[in-house]
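First up is the structure itself, then whatever we jot down about it.
The values are calculated or read from the model by the stated rules, or taken from the named source; none is laboratory data. In this text the structure is predicted, and so the values were computed from the model without any measurement. Please note: Cβ atoms are built from the backbone with ideal geometry, for glycine as well, and neighbour counts cover all protein chains shown. To get the accessible areas, we keep the full protein, side chains included, count just its heavy atoms, and leave off ligands, DNA and RNA. Shrake-Rupley method; radii C 1.70, N 1.55, O 1.52, S 1.80 Å.
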Amino acid sequence: MSESETVNDPNPTEAGGQERPVGPGRAYEALARAQADFPQSEVVRFGPERSLTLDAGVTLGPFQIAYQTYGTLNADKSNAILICHALSGDQHAANIHPVTGKPGWWETLIGPGKPIDTTRFFVISSNVLGGCLGTTGPSSINPKTGVPYGLDLPVVTIRDMVRAQAMLVDHLGIDRLLAVVGGSMGGMQVLQWAVSYPERVFAAMPMAAAARHSAQNIAFHEVGRQAVMADPDWRGGRYLLEGTSPRRGLAVARMAAHITYMSDGSLHRKFGRRLQDRDGRTFSFDADFQVESYLRHQGEAFVDRFDANSYLYVTRAMDYFDLAADYGGVLANAFKGAKTRFCLVSFTSDWLFPTSDSRAVVHALNAAGASVSFAEIESDKGHDAFLLDEPELTAITRGFLDSAARTLGIA
Amino acid sequence: MSPREALLHDLTMKEAARAASGARVDLLLIAELVEPGSRVLDVGAGDGELLELLATTRGCDARGIEISRAGVNAGVARGLAVIQGDADIDLADYPDDAFDYVILSQTLQATRRPKWVLEQMLRVGRRVIVSIPNFGFWRVRLDLLLNGRMPSTENLPYSWYDTPNIHFCTIRDFVALVGEVGARIEHATALNGYGQKVRLNLPWAVWNLLGEQAVFLLSRGK
């Protein structure tokens with residue numbers, strides 16, 4: 001951490017975007033809650049006749065998808081790029097966030113003249129199924145009961161999220177996407193897209209991702225979920241009906257998760273053992289250390305904009321992700337005959353989705369004879385690096401997308 | 001054509017080619033050996049110079065493996081299909097006959113298991129192109145003979161203690177290895193110290209002396 005920084009400095013997180021110092025709290029929370037049914041985004045509503053058949057074996061419908069677009073779709077509809085967000089992200093990838101007022105979570109890569117160039121490409125960014133910013137999720141009103149779904153929403157999977165996105169892409173009249181791009185859980189969706197709809201994905205760019213969620217990652221998610229469910233205000237998932245909010249539980253979940261998005265090196269560099277606004281230890285359980293203060297802040301800011309039940313659903317979707325499972329456990333078979341060109345990226349200090357996870361996908365793609373690029377980028381910023389300004393990431397994304405666009409003759 | 005005319009002709013060709021593409025002579029030679037439109041894997045792709053040459057001048061579906069992070073990132077940023085990987089390990093992941101050509105340019109001597117690497121290449125590609133620096137080159141021999149120090153040349157500039165080249169061989173050594181792995185030499189070219197083709201069909205022993213580097217096109221079977 002440089003001299004001028006403080007722990008309250010905007011700090012991009014896996015949530016995407018930068019957290020405002022905690023202030024309005026509940027007021028933000030109310031603002032966020034309103035987004036669940038009436039998002040400040042484009043919305044496409046699918047009626048009961050277009051219900052979604054989920055992996056859980058049930059149908060969901062009617063349902064809706066909230067999304068943002070940037071740039072203009074060209075005449076032959078060949079310049080569309082779909083952005084897939086991570087666990088705690090949302091559709092506001094490249095615009096001011098309606099709840100937090102912060103810039104979009106991926107403005108490092110998306111915008112005019114940036115690698116995902118909105119003057120050339122038509123960029124689509126949607127909130128995932130199970131999310132809480134306007135796409136149907138546990139905080140959305142269940143049309144059958146007139147109250148929020150809560151735990152009555154079926155458990156959704158990454159593949160369900162992708163099925164829903166494909167319906168959005170249909171709705172926009174697009175047959176084939178120039179590219180699907182995303183990091184972390186977004187990268188899982190990218191891989192699922194390439195497997196579920198190979199003919200609809202010309203180029204795929206999964207960053208800091210994996211073809212299956214590891215035991216360690218499932219374990220971290222379980223800690224987070226247990227923290228939420230242990231909060232008495234969770235009320236068995238019925239907190240919206242009972243007028244409570246499991247803020248403490250969700251904040252603890254976020255604090256634990258946030259550690260996994262960073263690295264020993266980046267925590268040391270930012271905070272070391274420095275104390276927070278005090279000259280010495282207080283011999284209490286206050287946030288003496290800067291790193292404690294920082295984590296508390298991250299937890300607080302997160303609960304202002306994220307729904308606790310959504311956190312359960314979306315983490316579950318990641319846990320269930322195992323791309324090879326439907327292909328006899330052989331990942332290469334999932335990619336058999338793949339025409340999609342792939343570019344995978346990992347980061348040296350990412351211990352949540354380590355390079356070995358990406359490499360496993362690369363090996364499978366090689367075995368399937370697919371066109372694949374893979375680069376490991378040197379960074380001490382841990383898993384979060386994909387959201388940060390990493391010059392090599394910028395150059396690789398630009399090179400890969402330029403080359404894809406060139407091949408398709410997109411100006 | 002007199003030898004002198006031939007020399008001038010070669011120099012002009014070489015200069016023209018370099019001016020046109022800015023590419024290394026051995027890379028141009030390799031590119032000439034590749035049928036247009038082929039599927040090619042370049043092992044040890046560096047920053048992608050050969051891949052780009054193959055894609056742009058031969059219309060190839062060209063992919064690369066490169067061990068250095070900087071090389072990979074530069075190649076991918078150029079829009080090339082390059083993966084970070086180690087020839088000594090990662091060739092095993094490719095299926096049989098995955099490529100029309102597998103190319104190893106000036107890299108064999110840096111592998112830990114040259115024989116295994118060559119066998120894998122012959123499995124993965126229907127044809128294999130290998131270029132090697134020749135440790136039997138007269139200047140290398142003279143250097144060792146006169147100075148008694150491990151030779152370093154323009155092509156092989158490293159000191160013995162920090163060289164990535166751990167398995168040097170001569171042209172004759174390589175020819176012997178080709179026999180050992182049961183491959184067939186379809187074509188071979190030696191380049192002298194000026195990057196010119198060593199003309200005439202000379203015995204290996206002479207090429208071994210005159211060639212600073214050599215390019216081989218191999219296929220399976222005797």
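Is one or more of the residues making up region B:133-140 within 13 Å of chain A (Cβ to nearest Cβ), within 22 Å of B:Thr189 (Cβ to Cβ) and in contact (Cβ under 8 Å) with a residue 24 or more places away in the chain? The answer is no, given that none of the residues of region B:133-140 is within 13 Å of chain A (Cβ to nearest Cβ), within 22 Å of B:Thr189 (Cβ to Cβ) and in contact (Cβ under 8 Å) with a residue 24 or more places away in the chain.
Within region A:325-337, if we keep just the residues that are within 13 Å of chain B (Cβ to nearest Cβ) and out of contact with any Phe, Trp or Tyr (no Cβ under 6 Å at 6 or more places or on another chain), the residue that is farthest from A:Ala179 (Cα to Cα) turns out to be A:Val330. Reported count of residues in region A:315-360, each being within 25 Å of A:Gly224 (Cβ to Cβ) and over 22 Å from the mean Cα position of the chain (by Cα), is 1.
Tell me whether region A:286-295 contains one or more residues that are out of contact with any helix residue (DSSP H, G or I) (no Cβ under 9 Å at 6 or more places or on another chain) and not charged (D, E, K, R). Among the residues of region A:286-295, at least one is out of contact with any helix residue (DSSP H, G or I) (no Cβ under 9 Å at 6 or more places or on another chain) and not charged (D, E, K, R), which makes the answer yes. Every condition in (1) within 11 Å of chain A (Cβ to nearest Cβ); (2) crowded, with 23+ Cβ neighbours inside 10 Å; (3) at pLDDT 95 or above is met by B:Val72 except one, and the failing one is (3).
Scanning region B:81-100 for residues that are open to solvent by 10 Å² or more (accessible area, probe 1.4 Å), more than 7 Å from chain A (Cβ to nearest Cβ) and outside any helix (DSSP H, G or I) gives B:Asp86, B:Asp96, B:Asp97, B:Asp100.
This table checks each residue for (1) under 22 Å from B:Asp88 (Cβ atoms); (2) in a loop (DSSP other than H, G, I, E, B).
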| position | (1), (2) |
| --- | --- |
| B:Tyr158 | yes, yes |
| B:Asp162 | yes, yes |
| B:Arg172 | no, no |
| B:Leu177 | yes, no |
| B:Ile185 | no, no |
| B:Ala190 | no, no |
| B:Tyr194 | no, yes |
| B:Leu202 | no, yes |
| B:Trp207 | no, no |
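Mind listing whichever residues of region A:385-408 are aromatic (Phe, Trp, Tyr) and facing chain B (nearest Cβ under 10 Å)? Of everything in region A:385-408, just one residue is aromatic (Phe, Trp, Tyr) and facing chain B (nearest Cβ under 10 Å), namely A:Phe400. For region B:126-144, the set of residues classified as touching a Phe, Trp or Tyr at 6+ places or on another chain (Cβ under 7 Å) and either open to solvent by 10 Å² or more (accessible area, probe 1.4 Å) or farther than 17 Å from B:Val175 by Cα (or both) consists of B:Arg127, B:Phe135, listed by residue number.
Going by what's in this entry, would A:Ala324 be described as at negative phi and modelled with pLDDT under 95? Taking the combined requirement at face value, the residue does not satisfy it.
Considering every residue within region B:109-125, establish whether at least one is in contact with a His (Cβ under 9 Å, 6 or more places away or on another chain), among the hydrophobic types (A, V, I, L, M, F, W, C) and either under 22 Å from B:Ala62 (Cα atoms) or surrounded by 17 or more Cβ atoms within 10 Å (Cβ to Cβ) (or both). There is at least one residue in region B:109-125 that is in contact with a His (Cβ under 9 Å, 6 or more places away or on another chain), among the hydrophobic types (A, V, I, L, M, F, W, C) and either under 22 Å from B:Ala62 (Cα atoms) or surrounded by 17 or more Cβ atoms within 10 Å (Cβ to Cβ) (or both). The C-beta contact set for region A:221-238 (first residue free of Cβ contacts under 8 Å to residues at least 12 places away in the same chain, second residue in a helix (DSSP H, G or I) and of a type in the set (A, V, I, L, M, F, W, C), distance under 9 angstrom, 6+ apart or interchain) comprises A:Gln226/A:Ala253; A:Arg235/A:Leu241. You will find that of A:Ala75, A:Ala34, the residue that is more than 20 Å from the chain's Cα centre (by Cα), farther than 13 Å from A:Met167 by Cβ, open to solvent by 50 Å² or more (accessible area, probe 1.4 Å) and at pLDDT 95 or above is A:Ala75 and no other. Quick check on region B:196-204. Is at least one of its residues within 16 Å of B:Leu29 (Cα to Cα) and β-branched (Val, Ile, Thr)? Checking region B:196-204: at least one residue is within 16 Å of B:Leu29 (Cα to Cα) and β-branched (Val, Ile, Thr).
Just one of A:Met188, A:Met167 is open to solvent by less than 10 Å² (accessible area, probe 1.4 Å), in a helix (DSSP H, G or I) and at pLDDT 95 or above; which is it?
Going through A:Met188, A:Met167 in turn, the sole match is A:Met188.
Restricting region A:281-305 to residues that are open to solvent by less than 30 Å² (accessible area, probe 1.4 Å) and outside any helix (DSSP H, G or I), the residue that is nearest to A:Tyr28 (Cα to Cα) is A:Ala287. Inside region B:131-153, residues that are within 17 Å of B:Ser105 (Cβ to Cβ) and assigned to a loop (DSSP other than H, G, I, E, B) make up a count of 2.
Of the residues making up region A:93-114, just one is of a type in the set (S, T, N, Q) and under 15 Å from A:Thr69 (Cα atoms), namely A:Asn95. The set of residues in region A:341-384 being in a loop (DSSP other than H, G, I, E, B) and either within 12 Å of chain B (Cβ to nearest Cβ) or open to solvent by 10 Å² or more (accessible area, probe 1.4 Å) (or both) consists of A:Thr348, A:Ser349, A:Trp351, A:Leu352, A:Pro354, A:Ala368, A:Gly369, A:Ala370, A:Glu378, A:Ser379, A:Asp380, A:Lys381. Of the residues examined, B:Ala62 is one that is open to solvent by 10 Å² or more (accessible area, probe 1.4 Å) and either over 16 Å from A:Phe374 (Cβ atoms) or more than 8 Å from chain A (Cβ to nearest Cβ) (or both).
Can you confirm whether B:Ala77 is open to solvent by 10 Å² or more (accessible area, probe 1.4 Å), in contact with a Lys or Arg (Cβ under 6 Å, 6 or more places away or on another chain) and closer than 15 Å to A:Ser373 by Cβ? It is false that B:Ala77 is open to solvent by 10 Å² or more (accessible area, probe 1.4 Å), in contact with a Lys or Arg (Cβ under 6 Å, 6 or more places away or on another chain) and closer than 15 Å to A:Ser373 by Cβ.
Within region A:238-269, the residues that satisfy the criterion of being open to solvent by less than 30 Å² (accessible area, probe 1.4 Å) and assigned to a helix (DSSP H, G or I) are A:Tyr239, A:Gly249, A:Leu250, A:Ala251, A:Ala253, A:Arg254, A:Ala257, A:His258, A:Thr260, A:Tyr261, A:Ser266.
The selection criterion, being within 14 Å of chain A (Cβ to nearest Cβ) and closer than 25 Å to B:Pro157 by Cα, does not hold for B:Glu49.
Rundown of residues vs (1) open to solvent by less than 20 Å² (accessible area, probe 1.4 Å); (2) within 18 Å of B:Leu29 (Cβ to Cβ); (3) without any contact (Cβ under 8 Å) to a residue 40 or more places away in the chain, yes/no style:
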| site | (1), (2), (3) |
| --- | --- |
| B:Leu146 | no, no, yes |
| B:Ser159 | no, no, yes |
| B:Ile171 | yes, yes, no |
| B:Phe174 | yes, yes, no |
| B:Ala183 | yes, no, no |
| B:Ala190 | yes, yes, no |
| B:Gly193 | no, yes, no |
| B:Ala214 | yes, yes, no |
| B:Ser219 | yes, yes, no |
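Output the residues belonging to region A:268-311 that are closer than 30 Å to A:Gly131 by Cα and hydrophobic (A, V, I, L, M, F, W, C).
A:Val291, A:Leu295, A:Ala301, A:Phe302, A:Val303, A:Phe306, A:Ala308
Given the structure, is A:Val314 under 30 Å from A:Thr135 (Cβ atoms), open to solvent by less than 10 Å² (accessible area, probe 1.4 Å), at pLDDT 95 or above and within 12 Å of chain B (Cβ to nearest Cβ)? So A:Val314 does not fit the description; no. With respect to (1) over 26 Å from B:Leu51 (Cβ atoms); (2) at pLDDT 95 or above, the lone exception for A:Thr355 is condition (1). Within region A:13-28, can one find any residue that is closer than 30 Å to A:Asp322 by Cβ, in contact with a Gly (Cβ under 7 Å, 6 or more places away or on another chain) and modelled with pLDDT of 95 or more? No - not one qualifying residue is present in region A:13-28.
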